[in-house]
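Note sheet for the following structure.
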Amino acid sequence: MIDENLVRALLRDQHPDLAELALRPGPKGWDNEMWRLGETLAVRLPHATERASELLLKEFRLLPALDLPLPIPTPIRLGEPSARFPKHWTVVEWVPGEPADRSPITRHEAADTLAAFLKVLHQKAPADAPTHTFAPPDWTGTPVWLHGDLHPANVVTENGNLAGIIDFGEFCGGDPAIDLSAAWVLLPPGSAGRFFAAYGSVDDATIARARAWATRKAQALIEVGQAGDEGRPGGKPTWGPAGRRAQEALAWA
């Protein structure tokens, strides 16, 4: 069980200069749970899936090199496996805001913010970049760096606008359409056209693939939300409304 005593002890063992900062529970994701550390940092520890530690190592290796126009949880310290805790863990920069599954994006200018972020992120990925878990085998384009898992629980908002991008566990090289699906999954209905105009240079085939990804993501959000409503393991009640908002955006145009 991960609790405050364990997190404090891990910090004292491996990063004693941070060990006396205020510590309080934060959000839990599929793979990791978060503990706020002071006002500007957080501790991320694997708590569920077998791959969680591997994903944290990938983030620690790759994210510090990124220079992006929105805040991201850049790792600044690595915790090594020990007798207290058998997996890697990290200390990251805290990204302020509310998750968009709880506080949705409502401002259409978020389309410009998201497009600017993805234009910078979507640079050609090296040949040895990790690939997306669900990469389509028939796509033969040039892979670019992707967030890989853009949905409302993985971005944060302030005053209805996009304020930060979190959880880069699926960071990989692949088809930009995977991330471009966020035009419908994250943004309010009627914003997709503005998003693609700001992003620029997207052909019809890529937009069609992005819509297909958005359709699948919307359905997945609804299913996870239903599981949450029914009290089933892994369910998240806030995801259902997020999925229905995405379906509304897809129906807009």
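Listed values, structure above:
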quantity: In the range 76-114, the residues that are of a type in the set (Lys, Arg) and assigned to a loop (DSSP other than H, G, I, E, B); calculated: Arg84, Lys87, Arg102, Arg107
quantity: Residue ID - modelled with the lowest pLDDT, chosen from residues in the range 130-143 that are within 21 Å of Ala65 (Cβ to Cβ) and in contact with a helix residue (DSSP H, G or I) (Cβ under 8 Å, 6 or more places away or on another chain); calculated: His132
quantity: Number of the exception - Leu114 against (1) hydrophobic (A, V, I, L, M, F, W, C); (2) without any contact (Cβ under 8 Å) to a residue 60 or more places away in the chain; (3) within 20 Å of Arg211 (Cα to Cα); calculated: (2)
quantity: The lone exception for Gly38 - which of (1) modelled with pLDDT of 95 or more; (2) on the phi < 0 side of the Ramachandran plot; (3) not hydrophobic (A, V, I, L, M, F, W, C) it fails; calculated: (2)
quantity: Residue identified as over 18 Å from the mean Cα position of the chain (by Cα) and hydroxyl-bearing (Ser, Thr, Tyr) among Thr90, Thr40, Thr74; calculated: Thr40
quantity: Flag if Ala205 is free of Cβ contacts under 8 Å to residues at least 12 places away in the same chain, exposed (fewer than 13 other Cβ atoms within 10 Å of the Cβ) and not in a loop (DSSP other than H, G, I, E, B); calculated: yes
quantity: Hey, Thr157 surrounded by 20 or more Cβ atoms within 10 Å (Cβ to Cβ), under 15 Å from the mean Cα position of the chain (by Cα), of a type in the set (Val, Ile, Thr) and on the phi < 0 side of the Ramachandran plot or not; calculated: yes
quantity: Scope the range 123-153; condition surrounded by 14 or more Cβ atoms within 10 Å (Cβ to Cβ), under 15 Å from the mean Cα position of the chain (by Cα) and of a type outside the set (D, E, K, R); matching residues; calculated: His132, Trp145, Leu146, His147, Gly148, Leu150, His151, Pro152, Ala153
quantity: Output for the range 53-68, where each listed residue is touching a residue at least 24 places away in the same chain (Cβ under 8 Å) and either closer than 13 Å to Phe168 by Cβ or crowded, with 22+ Cβ neighbours inside 10 Å (or both); calculated: Leu55, Leu56, Leu57, Lys58, Glu59, Phe60, Leu62, Leu63, Leu66, Leu68
quantity: The range 224-253 residues that are aromatic (Phe, Trp, Tyr), paired with ones that are in a helix (DSSP H, G or I) (beta carbon under 6 Å, 6 or more apart); calculated: Trp239/Leu221; Trp239/Val224; Trp239/Gly225
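One line per residue, one yes/no per condition, for (1) closer than 30 Å to Pro16 by Cα; (2) touching a Gly at 6+ places or on another chain (Cβ under 7 Å):
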residue	(1), (2)
Arg84	yes, no
Glu93	yes, no
Thr113	no, no
Phe134	no, no
Trp145	no, yes
Gly169	yes, no
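Per-residue answers, yes or no, for (1) among the aliphatic types (A, V, I, L, M); (2) closer than 24 Å to Gly164 by Cα; (3) within 21 Å of the chain's Cα centre (by Cα); (4) outside the structural domain of Leu78 (by TED's automatic domain parsing):
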{"residue": "His15", "(1), (2), (3), (4)": "no, no, no, no"}
{"residue": "Gly29", "(1), (2), (3), (4)": "no, yes, yes, no"}
{"residue": "His47", "(1), (2), (3), (4)": "no, yes, yes, no"}
{"residue": "Ala52", "(1), (2), (3), (4)": "yes, yes, yes, no"}
{"residue": "Leu55", "(1), (2), (3), (4)": "yes, yes, yes, no"}
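The values are calculated or read from the model by the stated rules, or taken from the named source; none is laboratory data. Values in this document were obtained by computation on a predicted structure and should not be read as measured data. Every residue, glycine among them, receives a Cβ derived from its backbone with ideal geometry; neighbour counts consider all protein chains shown.
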